[in-house]
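A single structure is presented below for examination.
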2 protein chains.
Amino acid sequence: MTPRTSVLITGSELIRGGRRDSNGPFLAEELTRLGLEPSSIRIVGDDPAELEPAIREGLETDLLVLSGGLGPTHDDRTVELLARAAGLEAVVVGELEQEIEGVSRRIAERLGRSYAEFAEGVRKQATVPAGGRVIGIAGTAPGLVVETGRAVAVVLPGPPPELRRLWRAALEDEAVQGVLARAVVPERRVLRVYGVSESAVARALAEAGGEPEGVQATICAHAGEIWVELFGDGEELAGTLRDALGGSVFAEDDRPVEELVLDAARGRGLSVAAAESCTGGLVAARLSSVPGSSDVFRGGVVAYDNDVKRAQLRVSEQTLDARGAVSAETASEMALGAREALGADVAVSTTGIAGPGGGTPEKPVGLVYVHASGPGAELARELNLPGDREAVRRRATAAALHLLRELLAQIRHSPG
Amino acid sequence: MTPRTSVLITGSELIRGGRRDSNGPFLAEELTRLGLEPSSIRIVGDDPAELEPAIREGLETDLLVLSGGLGPTHDDRTVELLARAAGLEAVVVGELEQEIEGVSRRIAERLGRSYAEFAEGVRKQATVPAGGRVIGIAGTAPGLVVETGRAVAVVLPGPPPELRRLWRAALEDEAVQGVLARAVVPERRVLRVYGVSESAVARALAEAGGEPEGVQATICAHAGEIWVELFGDGEELAGTLRDALGGSVFAEDDRPVEELVLDAARGRGLSVAAAESCTGGLVAARLSSVPGSSDVFRGGVVAYDNDVKRAQLRVSEQTLDARGAVSAETASEMALGAREALGADVAVSTTGIAGPGGGTPEKPVGLVYVHASGPGAELARELNLPGDREAVRRRATAAALHLLRELLAQIRHSPG
């Protein structure tokens, strides 16, 4: 049987909301990739009355990954409560204590404080459940692997970069590898579809005969795209869906659309720019988020004010007067203007009403024009996007990147 | 006693990672604001063997807020399992069935399908635990309030906008109000600090005598800032900390720094612009994310390529040659260039090495220059930022916005 796993995150600031946990999704993705989809991701505060039962419950699975609560203060109780829940003695590890003492002495010196203030915390952080293995140290907090007989518990620090580093170390641990060896990594395929509704994709799946024996199919909207994920032996079903959905299947891997755009431009020897009004920089931010984007992405103009549209992007006074800033004509002139001003081969533009204010009966909130312009090719789209300001901006950004992707697909060769 | 609450989110795509849940943090923030900090936020898939015990556990608290799994297909089992866990019969509500049928007939018509295909799903979605109250419909899924005798369960749909809408409806429900009436809304204060390390803030708290009786203090890094949150009667402690931390306390409310910047500019009658290299549009995106920002924010130039820095921002050839694109001088010329090109009173610039490539021994990954320029005032900073590409870009964006905030604080009056 596939081992059961669970993820437990502790942090009072996460229980109070506002701040989003990123460790749970990271660990869930890692575990799923390894064939160990977690049965539960749970967030609790540092109250022992909540944390200890949650640890006990997690220890009923085969692998419990715990994060947070490893600091030197009285609020940091993860290790102590894990020992208690596992029925293990908590013991001071001399070698570990020396290592943490070394780090703490350097901190004390830098802060101009006496080491004596730190000694108690050092002893606390060097105390681990009997038999626990230290897999590395983050600051002064050790990461641990603890075997309880029934379960393997991996204890990781809360700060995400440290958690990721010590997670990699945990994967080298013998007991963790023992659990991994019992996992079955599922075959996975993804078909990414754009420009077709989720229900049309669901219909295509139903008409393909639904899920064959041993295949699990999920359909999910994801950043303006529809993702069809097939787990198990989905090769035949993928073929049928590909035929049914035709050209709307644009990718079969997980790379973000901005990366697909940059690769397509690079392959054609074309440079890229953005001219943004309602998206306010989000298109440029996504293009520049890709490492190495600077060889293809030249830059952008965020033309929030009409003066900027005129001066930087040479949108004509006449167009702005007759059609308005939110119009197909303005979007077209913005894209062409960006190509000229920024010396780019292709450019995409956005102009629209993100809300909550600024809507009229003729031009309601959510109306957005996107336009992509390149050598010998133009694509334009009028969008009516649902949602609040953030949703409209995010959706318009996705639409602009997809329009750029489609434009580049039409341009088969490099110019000149 | 304050009622105990819990949040349970269901969705197999969330258990597989990659996708982050936003409903849990939203509900946690709402509940905390109402004095009902949840004891646990839990995410489980749609497997009944996991979902049913999680519901049972949630029903041991006074208020369980459940989201997801309300659709018409066999995977959507939340309501059925809630009825079973609560020991309530599942009954079809005639009036609700008619309402969902109406919606489904319109969908069937639009898709050109027979209504017969929908009938089973309609009956399923109109089936609720006996005594459950319908608080509204999202698509074809009803939101519910169910009383079990011991607990009150609120059942909400998974899509975040619908969840938020029906959550507001749930707050009007009598049973939910009964739980709310027993909650004690905690007094909360926040001191937001910038430019001081977390350990220095911790020291100031310790020197102030730590947490007085009845006050809970948390110190947390948050988007480049340090937030000190005081729950309970923290007025005196807040005063002591304010004195100790001096000018580094820049705000005592939760508004994002971009909103503080826009308000400061608006109050001084000044317009704002951004000139970005390494942040690639993120500064402009944050400024334009604020509703109503268009009266103050004129726009930005994303000058990724040096040609764009020269042509759009008039950074001199000489500066780029002698100092390089990543230099204090280039940052200064970019900010001044943005003021001129975009006709803005104040502007902020960023230039740096976000990595992972492009670093040298003299200019390593994480080196970023930010510069803010305004009428009669200039501020510049050299930063050495830790983390990966995303972290460097995010931190540089926060630093740029704070520099703009500090610059505006120096400009007391509107110009001219």
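Set the Förster distance to 35 Å, then compute FRET efficiency between A:THR360 and B:ARG168 from the Cβ-Cβ distance, nearest 0.05.
With a Förster radius of 35 Å, E is 0.85.
Considering only A:VAL301, A:VAL228, A:VAL92, give the residue with the highest GNM mean-square fluctuation for chain A, with springs between Cα atoms whenever their separation is below 10 Å.
It is A:VAL92.
Continuing with this model, one more query. Inverting the mean 1/r over all pairs of different Cα atoms, compute the Kirkwood radius of region B:308-416 and quote it in Å.
It is 14.2 Å.
Sticking with this one: Order of A:ILE43, A:ILE135 from fewest to most other C-beta atoms within 10 Å?
A:ILE135, A:ILE43
Continuing with the same structure: Treating cross-link reach as a plain straight distance, find the lysines whose alpha-carbon is under 23 Å from the alpha-carbon of A:LYS363, omitting any fewer than eight places away in the same chain.
A:LYS309
Using the 10 angstrom Cβ neighbour count as an exposure proxy, how do B:MET334, B:MET1 rank, fewest first?
Fewest-to-most Cβ neighbours within 10 Å comes out as B:MET1, B:MET334.
Let me check I've understood the local charge: for A:ALA181, count other residues with C-beta under 14 angstrom from its C-beta, Lys and Arg +1, Asp and Glu -1. What total comes out?
-3
Between the alpha-carbon centers of region B:116-192 and region A:90-130, tell me the distance in whole angstrom.
Answer, in whole Å: 48.
Mind checking which of B:GLU109, B:GLU29, B:GLU101 has the largest fluctuation in a GNM of chain B, springs on alpha carbons under 10 Å?
With Cα springs under 10 Å in chain B, the top fluctuation among B:GLU109, B:GLU29, B:GLU101 is at B:GLU109.
Calculate how many DSSP beta bridges within chain A are antiparallel, expressed in % of all such bridges and rounded to the nearest 5.
In chain A, approximately 65 percent of DSSP beta bridges are antiparallel ones.
Assuming 0.36 nm per residue, please report the length gained on full extension of the stretch A:ASP263 to A:ARG242 beyond their Cα-Cα distance.
5.3 nm
Show me, for region B:184-193, the HN-Hα J-couplings you get by feeding each phi into the Karplus relation (A = 6.51, B = -1.76, C = 1.60, θ = phi - 60°), rounded to Hz, glycine and proline as x.
Result, rounded to whole Hz: 10, 6, x, 5, 9, 10, 10, 10, 9, 10.
Shielding of A:307-315 by partners, i.e. mean partner chain Cβ atoms within 10 Å per residue?
Whole-number average of other-chain Cβ neighbours for A:307-315 is 3.
Under 10 °C and 1.306 mPa s, how fast does chain B diffuse according to Stokes-Einstein, given a Kirkwood radius computed over C-alpha pairs? Answer in µm²/s, whole number.
64 µm²/s
Counting pairs of Cα atoms in the protein assembly as shown, how many percent are more than 43 Å apart?
Here the long-distance tail beyond 43 Å is 35 percent of all Cα pairs in the protein assembly as shown.
Ranked by Cβ crowding within 10 angstrom, fewest neighbours first, how are B:ILE55, B:ILE411, B:ILE41 ordered?
Lowest count first: B:ILE411, B:ILE55, B:ILE41.
Let me ask something additional. Taking every pair of distinct Cα atoms and averaging 1/r, then inverting, what Kirkwood hydrodynamic radius in Å comes out for region A:188-251?
Kirkwood hydrodynamic radius for region A:188-251: 11.4 Å.
On to the next question. Would you compute, from DSSP H runs of 4+ residues alone, the mean residue ellipticity of chain B at 222 nm, taking -39500 (n - 2.57) per run and dividing by the full residue count, rounded to the nearest 500?
The helix-only estimate for chain B comes to -12500 deg cm²/dmol at 222 nm.
Name the long-range amide H neighbours of B:VAL365: under 5 Å, sequence gap of 5 or more, or other chain; modelled H, no Pro or chain starts.
Under 5 Å from the amide H of B:VAL365 lie the amide H atoms of B:GLY359, B:THR360, each far enough along the sequence or on another chain.
Using unit Cβ charges (K, R positive; D, E negative) and no other charged atoms, how large, in debye to the nearest 20, is the dipole of region A:91-132 about its Cα centre?
Approximately 160 debye in magnitude.
Computed from the coordinates by the stated procedures, all read-outs in this text should not be read as laboratory data. From a predicted model like this one, the values you see are computed outputs, not experimental measurements. No Cβ is skipped: glycine too gets one built from the backbone with ideal geometry, and neighbour counts run over all protein chains shown.
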